[in-house]
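Working notes, structure below.
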Amino acid sequence: MAYNTDTKFQSPVEHLNKTHILSLTKWQLAWECTKKQYASEGNISEPLIGHDACLDLREVVGVKAIKIPPKTSTVSLGKQYKVDDNAPFCIEMQPLGPVGFSVFFISRPGNYKWKCKQVSFQCKDSNLCLQWITAINDALKEPEFKRPRKLIVFVNPFSGKKKAVKIYRDKVQPLFELADINVTLIETKKQNHARDLVRDELDLTDIDGLICVGGDGLFSEVLNGLLNKTEHDHHIIETSHFDPVPPDIRIGIIPAGSTNTIVYTTTGVSDVVTSTLHIILGDSVGIDVNSVNVNDQFIRYSVTMLGYGYMGDLLKDSDNNRWMGPKRYNWSGTKAFISNNSYYGEIKFLLSDNDESHPADAVKCMSGCETCYKAKEMDNERILAQDSVSFSAGSGYSNESVTDGWQTVIGKFVAVNSVTMSCSCDISPPGMSPFCHLGDGCMDLILVSDCSRVDFLKFLLRTAKGEERQSLDFIQMYRVKEFTFRALTEDTDLDTISNNEEMTQSKRVKLKRQTSKTSVWNCDGEVIHQSKINVRVHCQLVKLFARGVEDPSMTEDQKCKTCCSPNFENF
């Protein structure tokens, strides 16, 4: 009989009232029902060929001891045993009853949600049970799995419906304990508290991740604090044009806010358990980050959306109605729609290098996205070439914006929107730009020219449903790497607006009155009052504990199609 040399640990166990051979390898936990004569330790058959069922260790959450009732000697089918952290592993005299353990793993019930299921085994004695628990835990700690062992968790008690603390205690903490993760818990006290702690106070040595239990606002604080700290540690000055260094710490998000856009976009659903399990498994996906400059001065980083006009007016008004809670966005959105304000402006942008890539190309960003992979490869090549130029020149590299390839659009706009990810959420599952990628080093720029309320409503409805918008003659869409916007309000801009046409004095006065109005920028839910702005994309600058939206056709519950029993899902 040939033995598998990759097997780390193997023994007979009881499972579903039958004797099985349970085997642990570097990547797999597998078991096979065997005859009684093969159940002795000296004569174990090879279970990894034609086994009954298996678990991919990459999707195992943890393992815990269970107490089997003394009156029964076997584990009953379908029964879920209570995990007992204090279950005795060794007893000096005779064991009080059979001892077993449960292995917890990922299950996918549908709609991109993940759940935690368990399969239980009974050992002949408590010593063997301890050996199995130790062996599985050690296997899960292998560096190849990249699982976090030490996390700092920020909880915003004021986010969303003010249930973040309860969500963490009831749903997140038990799973972190199951996975044997060491957690430092911090409740934020005020706005930008998390940012200041990460940037100026916390020691992140040996920390594997920063976790946000809240909404997109808390994530933005942690992101900006981490990047500020990283650039400071590398002696990089955050100027209007610079190449930031990516941090080596991942960020995780547990949704407890009003919209939870980032979670929805990177996992496909806004679900607490799903996001927690992504963190435990050590998932990683790189996302693009924008550096935002106002009046040629760097002010912050952004990852979701920047909006001028409609989105800016909405946010500015909602800030005055925070007492309304999340409902303030609906109220302020209605007011902004009725007002139907439009603003003159000039947008200059640098198109994507990929001529085949466009906001309406119908290529969705999914887990393992080829577009994002190629973009990162190209960005790595750019960095290597940049370093080579710097070395040969003997001086620092200047990443000043070039003028070649830039395009300019001048007009009157109801909305100027830029998104760095699709911005999916419960209200609009497709998102503002359904085919925007997480890590292609580009933004989708959406320009809504001056139009009637009816036309703008048509645009909003199509956006919410993810329907085609290119056919609307007042919509322009571009995939860009950088853009600059300035409001046209000065007398010197009038000739530009009128395209050098002759104008009567009355028309010039009317135009001047119209161009005196400006909006504000909505930057990831924060107001930027200055209208002149420059935004650059940095390809996959940070990594999140996520893997992107999974293709449902490629994600079945952990079953080996070639050899596992069709009844695997019933254990």
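The values are calculated or read from the model by the stated rules, or taken from the named source; none is laboratory data. Note that the structure is predicted; figures quoted are calculated from it, not measured. All Cβ positions, even for glycine, are placed from backbone atoms using ideal geometry, and neighbour counts span all protein chains on display. Accessible surface is based on the protein model in full, side chains and every heavy atom, while ligands, DNA and RNA are left aside. Shrake-Rupley method; radii C 1.70, N 1.55, O 1.52, S 1.80 Å.
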Legend entry - With every protein chain in place, region 196-257: carbon and sulfur % of accessible area (1.4 Å): 47
Legend entry - Per-residue HN-Hα couplings for region 282-296 [Karplus 6.51, -1.76, 1.60; θ = phi - 60°; Hz; x = Gly/Pro]: x, 4, 8, 9, x, 10, 6, 10, 9, 9, 10, 10, 10, 6, 6
Inset, instruction - With label points built 7 Å along Cα→Cβ from the Cα atoms of residue 284 and residue 407, find their separation and express it in nm. - result: 3.6
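How large is the accessible surface per residue of region 426-473, computed with a 1.4 Å probe and reported in Å² as a whole number?
Details: 2080 Å² over 48 residues.
Each residue of region 426-473 exposes 43 Å² on average to a 1.4 Å probe.
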Inset, instruction - Could you check the simple spin-label distance between residue 362 and residue 141, using points 7 Å along Cα→Cβ, in nm with one decimal? - result: 5.1
Inset, instruction - Please give the contour-minus-distance gain from residue 207 to residue 190: 0.36 nm per residue of separation, less the Cα-Cα distance, rounded to one decimal in nm. - result: 3.8 nm
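Ignoring ligands, DNA and RNA, how do 410, 249, 236 rank by accessible area with a 1.4 Å probe, largest first?
Values: 410 70, 249 15, 236 45 Å².
These residues rank, largest area first, as 410, 236, 249.
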Legend entry - Residues of region 290-324 with amide N under 17 Å of the 7 Å Cα→Cβ point at residue 232: 298-301
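One quarter of the convex hull surface, Cα atoms only: what value does that give for region 208-254 in nm²?
Average of the hull's projected areas for region 208-254 equals 3.5 nm².
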Inset, instruction - Would you mind calculating the gained length between residue 370 and residue 462 on full extension (0.36 nm times residue separation, minus the Cα-Cα distance), in nm to one decimal? - result: 30.4 nm
Legend entry - Over 16 Å [Cα-Cα, region 271-341], rounded percent: 68
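Solvent-accessible area per residue for region 172-299 at a 1.4 Å probe radius, Å²? Don't skip to the end; give the middle numbers.
Details: 4590 Å² over 128 residues.
That works out to 36 Å² per residue.
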